[in-house]
Structure formats: structure tokens, C-alpha cells
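Since the structure comes first, as C-alpha cells, the remarks are kept for the end.
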Amino acid sequence: MSTQSEIGVPHFALVGTPNSGKTALFNALTGSRQKVANYPGVTVERKAGVLQTPSGRRVHLIDLPGTYSLRGRSPDEEITRDVVLGRLVSETAPDLLLCVADATNLRVALRLVIELKQVGRRLMLVLNMIDIARRRGIDINLDRLSAELGVPVVTSTAVRRGGTEELLRRMDEMAAGRLEPPGENTWKPPTTGELRAAQREADRVIAAAVGMPARPDTVSGRVDAVLLHPVAGLVMLLGVLFVMFQAVFAWARPVMDVVSSGFDWLGATVHDTLPDGLLQSFIQNGVISGVGNVIVFLPQILILFFFILMLEDLGYMGRAAFLMDRIMGGAGLHGRAFIPLLSSFACAIPGIMATRVIDNRRDRLTTILVAPLMTCSARIPVYTLIISAFVPATHLWGWVSLQGLVMFGLYGAGITSALAVSFVAKHFFLYENHTPPFMLELPAYKLPSVRSVAIGLYTRAKMFLQRAGTTIFSMMVLIWFLASFPRPPEGADGPAINYSLAAMIGDALQPVLAPVGFNWQISVALIPGMAAREVAVAALGTVYAIEGGKEAAEQIGQALASKWSLATALAMLAWYIFAPQCASTLAMIRRETGSWRWMAITFSYMLALAYVAAFLVYNVAVALGAG
Amino acid sequence: MTDTLASTAPSMPLGQASRGFCGRINAIHVGEDVHGSAAREIESRLLELGFVEGAEIKILHEGPIGRDPIAVRINGTTIALRRREAMAILVTSSSRTP
């Protein structure tokens with residue numbers, strides 16, 4: 001792995017229009033040997049990997065953000081332009097550009113090829129999804145196409161086993177050949193006249209080399225007749241979201257039970273093996289119960305990401321944006337904001353990063369401002385814990401889980417408040433009279449590749465576990481320390497935790513949080529919860545476990561059910577709909593907006609909403625007799 | 001061959017057409033209410049998505065509220081866009097019965 005061995009390794013780059021199957025191709029070529037990071041200074045995701053050609057040659061491959069041209073209208077597209085032109089200092093200029101095209105949709109891709117020819121780099125056209133094109137009767141004369149374009153052409157099927165063999169063979173040839181750029185860079189931003197000329201040229205090449213089928217793709221058309229129907233389409237969209245949240249709550253249960261009893265067993269074993277004392281308390285209460293309380297949510301997070309990845313790969317996300325454009329537009333959001341906001345259900349961080357597809361700054365700011373209000377997966381632990389402790393596990397009409405319904409309601413509250421906040425922001429603070437355009441390709445529906453979804457899930461699981469292993473673990477150690485020191489004086493009665501630093505901090509915050517019904521244990525848990533929302537659950541676990549002393553074998557949920565009033569539980573749920581408790585999200589907002597101001601605004605407005613909401617819920621509940 | 005069509009049917013903005021409309025693009029012309037660079041930007045984007053003069057176009061779907069946005073089929077691809085931007089696409093109907 002020394003840098004020495006990297007010398008002489010050729011750098012190839014994947015370029016292509018959105019929906020060309022570029023990322024699926026990248027996954028197929030590099031497998032799990034990929035590194036996902038950011039380009040320095042900007043938050044555009046950089047995906048790179050190393051692959052081995054059939055002859056054993058190593059090739060460095062980078063997946064550039066999808067674009068229709070090199071004009072660079074958004075930070076993503078600027079990265080693509082700068083890498084392609086070799087302007088990005090941190091990035092080795094690519095030796096070969098692999099322009100990936102959807103073989104069923106060549107018009108737009110060939111215009112991009114014509115533009116890419118001007119940059120003077122070695123170039124190869126990859127006709128991806130060739131199997132679908134052939135099945136649909138599209139007849140492409142590869143030799144003719146290559147001759148007309150003056151660019152080598154190869155076919156591939158990213159989602160099929162063996163579908164990249166021919167591509168790898170050609171890459172091998174290219175890597176073995178001369179790699180220096182064959183020409184000068186003559187690219188400059190095209191005028192509208194040049195765009196027209198390039199499209200005419202692309203159409204001429206297609207007429208010469210491609211035989212179009214007698215009947216076009218009708219499957220997507222028939223599916224869309226339902227999924228884009230003004231009424232049925234919206235009902236289906238709601239249905240998809242509903243199933244998604246039922247699945248997150250109900251299907252994950254058995255696996256979570258296994259994980260959780262595994263950690264209980266581990267804790268009990270440690271308790272029995274180690275002598276009573278600080279070390280035993282640290283490992284059992286600090287490490288095992290703390291980290292275990294977070295890892296138990298991995299199944300739910302994976303189910304959520306599974307749905308998002310599937311919907312993305314199926315091609316449904318663009319349809320959702322189409323259906324939601326006017327509805328979101330009424331709230332001052334761009335139709336394209338739907339995808340970032342939907343991703344924010346998993347985590348606001350990728351969601352905020354995904355706002356890069358919105359090129360208007362005001363639209364993007366509004367979306368960033370409300371993205372943390374979408375119910376992210378880190379809230380799931382908090383919601384699940386409180387719901388399962390306080391909402392009875394009954395079913396309505398025999399099949400709708402009441403707990404799932406409450407969960408759905410909490411998600412609904414998040415969405416409603418996001419729309420309300422963006423409405424206020426857009427109409428009162430970020431007003432502008434020119435609305436930016438909404439133009440989006442709706443790709444043909446495709447069956448997602450199992451491998452590509454699996455790689456996506458693997459990457460997410462790894463990120464979550466790393467977080468649990470580092471941030472959350474260190475927070476747990478801190479909480480355990482705060483809850484265990486100083487030790488109670490000799491002969492003191494009551495639980496030891498009452499004499500600790502944690503109790504002192506909790507008592508200090510108590511006057512501020514008492515009006516919303518929070519006890520000092522919650523006040524303590526909210527502080528480390530700043531690092532990440534789910535940490536609050538682990539912190540509560542640690543606080544109650546230490547408070548309960550050696551007999552605290554009971555589950556955290558039962559502890560809450562016996563120690564909190566219903567009003568407190570409801571106030572806690574209301575708090576968590578809004579609470580700005582995620583340092584990483586705030587840091588991301590700071591980075592994406594390039595200003596501390598927007599971070600401060602987000603933090604303050606969310607904190608204010610959280611306090612007001614919890615206050616109202618608590619006092620209404622108490623007035624109704626739930627105190 | 002397009003001349004006969006163009007001479008018999010008047011040109012209209014795509015943004016005013018209904019679902020089922022079939023026709024051909026006559027011109028891309030961003031209206032006077034959008035100025036300078038914004039107008040050029042919209043024109044460039046439409047061109048990049050394949051909206052060029054002569055292309056055949058059909059409105060497949062309309063959005064749930066105010067029949068906006070629209071999804072159009074253009075040479076084998078489907079593009080969603082708002083009626084507002086579709087006003088810049090001048091089309092000639094190729095069939096009288098939508």
C-alpha cells in the first residue's frame with residue numbers, strides 16, 4: 001500500500017448523465033473496495049476505488065457526479081468539470097474518461113460525448129444497460145457508432161454477473177496503451193447555438209448507427225399511468241411511506257430482541273465474572289449497556305436505508321419529486337428538495353449533502369434549514385423506547401399496530417413542521433420573485449441490483465457502527481464518569497448517583513427544564529445527547545442502571561414506565577421532534593452554508609420550537625390528568 | 001415534411017397544452033419576463049435535456065395540483081418540468097384529436 005506501488009497505476013474516471021447507471025457500474029467494478037470521502041474544502045462526495053483488470057493490472061477508478069454538460073451549475077457539476085479538465089489540484093488528472101451512457105437513451109449522452117471530446121483526454125464510450133436496449137429491440141451498430149464519433153465504444157450491463165467482462169478487457173487494453181492526452185484542451189462553455197449544433201450532430205450519429213425499435217418501452221409508461229396519476233399516484237406515495245415506517249417499527253422487532261438479549265447476557269456475564277466495584281460497573285453499565293443500547297437500532301436503520309436505496313434504484317425518487325413539486329412549492333420548497341428531505345429520514349447529514357442537487361441558493365438554504373426537522377433514524381431509538389414503554393402494543397382493526405401508528409404520527413409532525421417552517425422562511429425571510437426551474441429526467445423503471453443495494457447497506461452499516469464505536473462510546477464513558485464520581489460519603493443513604501456530578505448538572509438545569517416536565521435524569525441525558533440524538537437513550541440507560549445499583553437488571557423501558565409520568569413521556573417525544581441535538585448536523589450546516597450564522601439560526605429556532613412544543617404538550621397532558 | 005405541418009397548424013407554447021398533446025418543437029424561446037443570464041440558462045438546460053427544434057414531443061402526465069408540473073416524452077426519454085418553463089417551448093400540434 002505504499003505510495004511507491006501507486007506510481008504507474010493509471011487513473012480512470014467515470015463521467016455520465018444522471019440515471020446512466022454510473023454508480024451501479026462503479027459498484028460492479030470496484031465492489032466493496034471503494035472509499036467514500038469528500039473532496040477537500042467542499043462537501044461533494046468523492047467515490048474512488050481500485051480494481052484489477054483480467055491481466056492483473058491495477059487501475060484507480062473515480063466516480064464523478066452525474067452531469068448533462070461541463071458547464072458546472074452546482075458544486076457537484078463543478079467538481080466533475082474541474083476533475084475532467086485537470087483543474088483540481090488535489091486530484092490526479094484522469095488518464096482516461098469513461099463516458100457512461102444509458103444505451104436506451106443515447107441522444108443526451110452522445111451530446112455529452114461530443115462536448116467531452118473537446119477536453120483533449122483519452123475517451124471511451126460505455127453503453128450501459130445494453131441488455132435492456134437489446135430486449136427493447138434497439139439495434140446499435142457499435143463499429144459505425146465508434147467511427148462516426150471517433151471514440152472507442154464498449155457495452156456493459158452493470159447489474160448482471162459477467163456484464164462488465166468486455167468493459168474490463170477494453171480497460172485492460174487502454175491501460176496497457178499510451179496514456180498521455182492525445183490532444184489539447186479546447187473546451188469552453190458552449191453557447192446555445194453550439195448546444196443546438198452538438199445535439200444535431202448527436203442526432204445525425206444516432207440516425208446513422210442506431211436502429212430504433214418499432215415499439216418503444218411501454219412498461220414504464222403503463223406503470224406511470226398509475227404511479228403518476230393525480231389521485232392514485234399520491235395515494236401510492238403515501239402508501240409507500242406508510243409501509244416503510246410500519247416495516248421500520250414492526251419487522252425489525254425480532255432481530256432487535258435478539259441483539260438486545262445478547263447484550264443483556266454479555267452484561268450479566270461480566271457482572272458474574274468480575275468482582276463488585278468500579279471496573280465491573282464501568283464495563284457493565286458504561287460500556288456494554290451504553291453501546292448495546294445504540295447498536296440495537298442497527299436493524300431499523302438498515303431497513304430504512306434498504307427502502308431508500310430500493311426506491312432510488314427503482315427510479316421512483318424522481319416520480320415522487322414530480323408528485324410533490326406543487327405541494328412542496330406551496331410551502332416554498334423546490335420539487336427537488338423532496339429527495340434530500342426523504343434522505344433526511346435516514347439522517348440529516350446525507351440529506352443536507354444531497355441538497356447540492358438544488359442549484360438555487362435560496363431554495364437550497366430553505367431545504368437545509370428544515371432538513372433536520374425530518375425524523376432521522378437517530379430519533380428512532382428515542383421514539384421506540386418511549387413508545388414501547390408508554391403506548392400499549394395493541395392492534396387497530398386487527399392489523400395496524402398502534403405503536404406504529406404513533407410513530408407514523410411523529411413522522412407526520414416532523415413533516416408538517418418542516419413545511420410550516422419553510423413556508424415562513426421562504427415568504428418572510430428569503431423572498432425572491434424569480435422561481436428557479438424544475439426540470440428532471442424520469443428514468444425508465446429498473447429492477448434494483450441486489451449487489452448494488454447490498455454494497456450501499458454495507459457502507460451505511462459500517463458508518464453507523466463506527467459512530468457507535470467512537471463518538472457514542474466516548475460519550476458513554478463520560479456519562480458513566482459523571483454518574484459515578486464523586487463517590488458518596490461513608491454511611492450515606494440513597495442511590496450513589498445522587499451524590500455524583502451528573503446529579504449536580506441535572507439539578508442546575510432542572511429549573512429551566514421543569515416547566516416542560518423533565519426530571520434531572522433527562523436533563524443529564526440531554527447533554528451528551530448533543531453529540532448525537534441516540535446517545536440520550538444510552539445515557540438514560542446508564543443513569544438509571546447506576547441509580548438502580550446492583551439490582552438494575554431491569555430493562556430501561558420498564559424503568560421509564562415506572563419513573564416517568566405519561567405527560568413527561570409525551571413532552572419528551574414533542575421535544576425530540578424539534579430538538580437540534582446533533583453536533584454533526586450543525587457542523588454539516590456550517591460547512592454547507594459556509595457560515596456560522598445559518599448554523600446559529602438553525603440551532604436557535606429548533607431549540608425554541610422544542611421547548612415550546614414540550615411545554616405545551618406537558619401542560620395540556622397534565623391538565624388532562626396524565627401528570 | 002415538417003413544413004406542411006407548420007403551415008397548417010399554428011404554433012403554441014407547450015405550457016398551455018393538455019395531457020395527450022402530440023406535436024413537434026418549433027422553437028425554444030424564453031419569454032421577455034425572464035432576463036439575460038436567467039433566460040440563457042433556461043434555454044441551455046432545455047437544450048441539454050434534448051428539447052431541440054424538430055424533436056417530437058408528447059405530454060404523458062400532469063401533476064396532481066393545478067395540472068402542474070407535466071411529464072413529457074421526447075425522443076424516447078421522459079422529462080418532468082413545470083408549465084412555467086414549458087412556456088418557452090413552442091410547439092405545433094401533429095394531431096387534432098388529443
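Where a number appears in this text, it was derived from the coordinates with a stated rule and is not lab data. Everything numeric in this text was worked out from a predicted model, so none of it was measured. Reconstructed Cβ throughout: ideal geometry from the backbone, glycine too, with neighbour counts over all protein chains shown.
Using the Kyte-Doolittle scale, find the helices of chain A whose mean hydropathy is at least -0.5 and whose Cα atoms extend 24 Å or more along the helix's long axis, counting only whole DSSP H runs.
A:192-209, A:253-273, A:402-424, A:450-467, A:596-623
Can you compute the modelled spin-label distance between A:MET504 and A:ALA207, with each label point 7 Å from Cα toward Cβ, in nm?
In this crude label model, A:MET504 to A:ALA207 measures out at 8.4 nm.
Any lysines with Cα under 29 Å of the A:LYS117 Cα? List them, leaving off those in the same chain fewer than 8 positions away.
Of all the lysines, those that pass the test against A:LYS117 - Cα under 29 Å, at least 8 places apart if same chain - are A:LYS22, A:LYS35, A:LYS47, A:LYS188.
Within the P(r) computed for the protein assembly as shown, what percentage of the Cα pairs occupies the region above 40 Å?
40
First measure r as the distance between the Cβ atoms of A:VAL477 and A:LEU447, then evaluate 1/(1 + (r/R0)^6) with R0 = 45 Å and state the FRET efficiency to the nearest 0.05. Write out the running numbers ahead of the final one.
Numbers: r = 46 Å, r/R0 = 1.02.
Step by step, r from the Cβ atoms, then E = 0.45.
Once Lys and Arg get +1 and Asp and Glu get -1 on their Cβ, which of A:ALA103, A:ALA503, A:HIS60 lies farthest toward the positive end of the dipole of the protein assembly as shown?
Working it through, the farthest residue towards the positive pole turns out to be A:ALA103.
Once the piece of chain linking A:ALA461 and A:VAL243 is laid out straight, how much longer is it, given 0.36 nm per residue of separation minus the C-alpha distance between them?
76.3 nm
Which value, in debye to the nearest 20, describes the size of the charge dipole of the range A:3-211 about its Cα centre when Lys and Arg Cβ atoms bear +1, Asp and Glu Cβ atoms bear -1, and nothing else is charged?
The dipole of the range A:3-211 has a size of about 280 debye.
Of the listed peptides A:85-96, A:411-422, A:174-185, what is their order by residue-averaged count of other C-beta atoms within 10 Å, with the highest listed first?
A:411-422, A:85-96, A:174-185
Please give the average number of partner chain Cβ atoms lying within 10 Å of the Cβ of each residue in B:54-67, rounded to a whole number. Walk me through the intermediate numbers first.
On the way: counts 3, 3, 0, 0, 0, 0, 6, 12, 4, 12, 14, 9, 2, 2.
Counting other chains' Cβ atoms within 10 Å and averaging over B:54-67 gives 5.
Report the gain in length on full extension from A:ALA225 to A:ALA176: 0.36 nm times residue separation, minus Cα-Cα distance, nm rounded to one decimal.
Numbers: separation 49, 0.36 × 49 = 17.64 nm, distance 4.94 nm.
Roughly 12.7 nm would be gained on extension.
Other chains' Cβ within 10 Å of B:37-47 residues: what's the mean?
Averaged over the peptide's residues, the number is 5.
In percent, how large is the relative contact order of chain A, given Cα pairs closer than 8 Å and 6 or more residues apart?
It rounds to 11 percent for chain A.
Could you tally the net charge around B:ASP68, taking each other residue with its Cβ under 12 Å from the Cβ of B:ASP68, Lys/Arg +1 and Asp/Glu -1?
Numbers: positive: A:ARG326, B:ARG19, B:ARG67, B:ARG82, B:ARG83, B:ARG84; negative: A:ASP325, B:GLU62, B:GLU85.
Counting the neighbours of B:ASP68, the net charge comes to +3.
In terms of the Cα gyration tensor, with a ≥ b ≥ c the square roots of its eigenvalues, is the range A:141-180 rounded because a/c is under 1.5, prolate because a/b exceeds b/c, or oblate?
oblate
Fully extended, how many nm does the chain gain between A:ARG591 and A:LEU314 (0.36 nm per residue separation, minus their Cα-Cα distance)?
96.6 nm
Please give the net charge around A:PRO152, taking every other residue with its beta carbon less than 15 angstrom from that of A:PRO152, where Lys and Arg add +1 and Asp and Glu add -1.
Numbers: positive: A:LYS117, A:ARG121, A:ARG122, A:ARG144, A:ARG169, A:ARG170, A:ARG178; negative: A:ASP95, A:ASP143, A:GLU148, A:GLU166, A:ASP172, A:GLU173.
Local net charge: +1.
Give me the aspartates and glutamates in straight-line cross-link reach of A:LYS446: C-alpha distance below 15 Å, same-chain residues under 8 apart excluded.
A:ASP102, A:ASP131, A:ASP217, A:ASP224, A:GLU312, A:ASP313
Based solely on its DSSP helices, what 222 nm [θ] is calculated for chain A when runs of n ≥ 4 H residues each add -39,500 (n - 2.57) and the sum is averaged over all residues, nearest 500 deg cm²/dmol?
The helix contribution divided over chain A gives -17000 deg cm²/dmol.
Let me check I've understood the local charge: for B:ARG84, count other residues with C-beta under 12 angstrom from its C-beta, Lys and Arg +1, Asp and Glu -1. What total comes out?
-1
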